[in-house]
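Peer 1: Below is the structure I would like to discuss, written out as structure tokens.
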Amino acid sequence: MRVKIIGSAAGGGFPQWNCNYRLSRAARNCMPGVQSRTQSSVAASADGTGWVLFNASPDIRQQIAQTPELQPAADAPLRSTPIRAVVLTNADVDHIAGLLSLRERQPFAIYATTKVLATLAANSIFDVLDPAIVPRRLLALTEEMAICGADGHPTGVVVGSFPVPGKVALYLEQRGDPTADFSSDTGDTIGVRISRADGRGAICYVPGCARIDAALRARLAGAACVLFDGTLYTDDEMITAGVGQKTGARMGHIAMSGEAGSIAGLADVKIGRRIFIHINNTNPVLDENSAEHAAVKAADWEVAADGMEMEF
Ligand code: MLT
Ligand code: MN
């Protein structure tokens, strides 16, 4: 099983188009130790030929251009792709907008939960992917599913999906309702366990998570690798950076640091490799020379970068 991180940044990417915070400026200026990153997406292949994407980011065109494995093979038909399927972990813009760039009557399959499929169905722009050519399939929660291409052939990639504490997509929030609890577990966001058909090489991908509870700890225990929500280093980071009013808790993203953070929450869970992904442009770990980056490394975590590859 090969797994490639094709996009390691959170929504907006790094640098974000309108962001003038010091980190985005450093990335724009190619400061040593500060690498640009595209938006949240992972690719997996069981046979090295067909690929399953986990989320389709608005940067997908650039990600395919940067990833030869996702381009048409030299001897392939005039229109072709090694992308057999796209699995969606929620309906956030950074995870579904890339579907629009995959139009052109090219067969592949979409897998998502009932809620995410409903969002796609409610937004007719996604009909640029004709369901007769790009089938939309239900990702049944808590069941292991063999991911198949549009033609029904198994890709060899098996996915187990599980709900994680999270939040409905920003654009689906009931605006103006001050009592709404956006950090509650509504089943709007999921984590996935990616493995081969023979059950080997399990890697968990959880790009959005509001809290770590006992159920999640049990799900992640024993994984060869966990790719986990690394949006923020501290809960109030966007406020102290001066770029926004929202805490991580309000956005459905747990912070890395602190007693209630992910580093502490997963410290005693047996995991082979721990890698932060979906990193926001305010997160100081984006600077490899920062104290926060050093603290994360000291806690045995890695910070994902685009192009990182793992083999299990
Ligand atoms: C998130 O991860 O919270 C969303 O991608 C935010 C957004 O929609 O910009
Ligand atoms: Mn996001």
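Peer 1: List the pairs whose first member sits in the range 179-206 and is modelled with pLDDT of 95 or more, whose second member is of a type outside the set (D, E, K, R) and surrounded by fewer than 15 Cβ atoms within 10 Å (Cβ to Cβ), and whose Cβ atoms are under 8 Å apart, counting only residues at least 6 apart or on separate chains?
Peer 2: Close Cβ pairs (under 8 Å, with a partner that is of a type outside the set (D, E, K, R) and surrounded by fewer than 15 Cβ atoms within 10 Å (Cβ to Cβ)) amount to ILE190/LEU141.
Peer 1: GLY208 versus (1) under 16 Å from the mean Cα position of the chain (by Cα); (2) surrounded by fewer than 24 Cβ atoms within 10 Å (Cβ to Cβ): which is the lone unmet condition?
Peer 2: Result: GLY208 passes all but (2).
Peer 1: So which residues in the range 235-259 are more than 22 Å from GLY272 (Cα to Cα) and crowded, with 20+ Cβ neighbours inside 10 Å?
Peer 2: The answer is ASP235, GLU237, MET238, GLY248, MET251, GLY252, HIS253.
Peer 1: Given the conditions (1) outside any loop (DSSP other than H, G, I, E, B); (2) open to solvent by 30 Å² or more (accessible area, probe 1.4 Å); (3) more than 16 Å from ligand 2 (Cβ to nearest atom), and given that VAL296 satisfies all but one, which numbered condition is not satisfied?
Peer 2: Among (1) outside any loop (DSSP other than H, G, I, E, B); (2) open to solvent by 30 Å² or more (accessible area, probe 1.4 Å); (3) more than 16 Å from ligand 2 (Cβ to nearest atom), VAL296 violates only (2).
Peer 1: Here is a list: SER45, SER40. Which entry is in contact (Cβ under 8 Å) with a residue 12 or more places away in the chain and within 15 Å of ligand 1 (Cβ to nearest atom)? Give the derivation first.
Peer 2: On the way: SER45 fails: within 15 Å of ligand 1 (Cβ to nearest atom).
One residue alone meets the criteria, SER40.
Peer 1: Does ALA150 count as within 17 Å of PRO207 (Cβ to Cβ) and either at pLDDT 95 or above or open to solvent by less than 20 Å² (accessible area, probe 1.4 Å) (or both)?
Peer 2: The answer is no for ALA150.
Peer 1: With the condition kept exactly as written, say whether any residue in the range 117-137 is at pLDDT 95 or above, within 16 Å of ligand 1 (Cβ to nearest atom), in a helix (DSSP H, G or I) and among the acidic types (Asp, Glu).
Peer 2: no
Peer 1: Which condition does ARG79 not pass, out of (1) outside any strand (DSSP E or B); (2) crowded, with 19+ Cβ neighbours inside 10 Å; (3) of a type in the set (Lys, Arg), if it passes all the others?
Peer 2: Among (1) outside any strand (DSSP E or B); (2) crowded, with 19+ Cβ neighbours inside 10 Å; (3) of a type in the set (Lys, Arg), the lone unmet condition for ARG79 is (2).
Peer 1: So which residues in the range 261-312 are hydrophobic (A, V, I, L, M, F, W, C), within 16 Å of ligand 1 (Cβ to nearest atom) and under 15 Å from LEU220 (Cβ atoms)?
Peer 2: PHE276, ILE277
Peer 1: Provide a single number: the residues in the range 35-57 that are part of a loop (DSSP other than H, G, I, E, B) and within 19 Å of GLY208 (Cα to Cα).
Peer 2: Here the count works out to 5.
Peer 1: Looking at the structure I just gave you, is ASN123 closer than 18 Å to GLY11 by Cβ and surrounded by fewer than 18 Cβ atoms within 10 Å (Cβ to Cβ)?
Peer 2: Answer is yes for this residue.
Peer 1: Between a residue in the range 94-113 that is in contact (Cβ under 8 Å) with a residue 24 or more places away in the chain and any residue that is open to solvent by 10 Å² or more (accessible area, probe 1.4 Å) and polar (S, T, N, Q), which pairs come within a Cβ distance under 6 Å, given they are 6 or more apart or on different chains?
Peer 2: These pairs meet every condition: ASP94/GLN39; GLN106/THR81.
Peer 1: Take the residues in the range 84-105 that are in a loop (DSSP other than H, G, I, E, B) and within 16 Å of ligand 2 (Cβ to nearest atom), then tell me which one is most open to solvent (accessible area, probe 1.4 Å).
Peer 2: Top of the filtered list is ASP92.
Peer 1: Related question: Looking at this structure, is ALA295 touching a residue at least 24 places away in the same chain (Cβ under 8 Å), of a type in the set (Gly, Ala, Ser) and farther than 24 Å from PRO32 by Cα? Let's see the steps before the verdict.
Peer 2: Values: touching a residue at least 24 places away in the same chain (Cβ under 8 Å): yes; of a type in the set (Gly, Ala, Ser): yes; farther than 24 Å from PRO32 by Cα: no.
No, not satisfied.
Peer 1: Another one. Name the residues in the range 214-234 that are open to solvent by 60 Å² or more (accessible area, probe 1.4 Å) and in contact with a helix residue (DSSP H, G or I) (Cβ under 9 Å, 6 or more places away or on another chain), would you?
Peer 2: Within the range 214-234, just ARG217 meets the criteria.
Peer 1: Here's something else I'd like to know. Between ILE275, ILE271, ILE263, which is among the β-branched types (Val, Ile, Thr) and part of a strand (DSSP E or B)?
Peer 2: ILE275
Peer 1: So is ARG273 without any contact (Cβ under 8 Å) to a residue 60 or more places away in the chain and under 28 Å from PHE312 (Cβ atoms) or not?
Peer 2: So ARG273 fits the description; yes.
The values are calculated or read from the model by the stated rules, or taken from the named source; none is laboratory data. In this text, all values refer to a predicted model and were calculated from it rather than measured experimentally. Every residue, glycine as well, gets a Cβ built from its backbone with ideal geometry; the counts of neighbours run over all protein chains shown. Surface areas here come from the heavy atoms of the whole protein model, side chains and all, with no ligands, DNA or RNA. Shrake-Rupley method; radii C 1.70, N 1.55, O 1.52, S 1.80 Å.
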